[in-house]
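See below for the structure under consideration.
The values are calculated or read from the model by the stated rules, or taken from the named source; none is laboratory data. Note that the coordinates shown come from a computational prediction; the quantities given were computed from them, not determined experimentally. When we count neighbours, we look across all protein chains shown, and the Cβ atoms used for this are built from the backbone with ideal geometry, even at glycine. To get the accessible areas, we keep the full protein, side chains included, count just its heavy atoms, and leave off ligands, DNA and RNA. Shrake-Rupley method; radii C 1.70, N 1.55, O 1.52, S 1.80 Å.
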Amino acid sequence: MRDTDDPMKRALALAQQAADMGEVPVGAVIVDPATGAIVAEGHNRPIANHDPTAHAEIMALRAAAQKIGNYRLPGLHVYVTLEPCAMCAGAISFARIEKLVFAASDPKGGAVIHGPQFFEQPTCHWRTEVEQDGENAEVAGALLSNFFKQRRK
């Protein structure tokens, strides 16, 4: 069995790890579709790292770039539990990620199908293929909703 038989399930597990640390529950996994291997993964860590850029996607992109030894990651796919923000969409584009798969949409902060629709802008130099994982959207959304309900108590 390949370790990417369900990369979104791994991303959801990473999101839960983030929640357990008191971070917004978002997880990301970068996969090499040619081999089925997970290249890198990450979850939100801005609080723990004292770094406003430590989003799940950024953490995974940094780890993948270090592992591969290149800031460009052509041919790789990223699976993330929440629609990326503008910063993360930009980083995905700069990394030349082939495909982005996200679970929950984010009408307030998302930048892929909402907001600036980053990959559709003429200033976007690399248009990553985008797919929404509707099967896991509800699970990812519930993880976020429950996290914020607990924070508001």
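Per residue, the accessible area of region 18-85 comes to 41 Å² when a 1.4 Å probe rolls over the protein heavy atoms.
Straight-distance candidates among the aspartates and glutamates for linking to Lys149, with alpha-carbon spacing under 12 Å and chain neighbours fewer than 8 residues away dropped, are absent.
Between region 113-153 and region 78-97, what is the separation of their alpha carbon centroids in Å? Between the Cα centre of region 113-153 and that of region 78-97, the gap is 10 Å. Selection among Ser145, Cys124, Pro46 by position relative to the dipole of the chain gives Pro46 as farthest towards the positive end (Cβ unit charges, Cα centre). Between the amide H of Glu41 and those of Ile30, distances stay under 5 Å, these residues lying 5 or more places away or on another chain, with hydrogens modeled in the peptide plane.
Averaging over all projection directions, find the projected area of the Cα convex hull of region 31-78 and quote it in nm² with one decimal place. If you wrap the Cα atoms of region 31-78 in a convex hull and average its projections, you get 3.3 nm². Dipole size of the chain about its Cα centre, with +1 on Lys/Arg Cβ and -1 on Asp/Glu Cβ: approximately 460 debye, rounded to the nearest 20.
Converting phi to 3J(HN,Hα) with the Karplus coefficients 6.51, -1.76 and 1.60 and the offset θ = phi - 60°, region 13-26 yields 5, 5, 4, 5, 4, 4, 4, 4, 8, x, 9, 4, x, 10 Hz in sequence order, with x at every glycine or proline.
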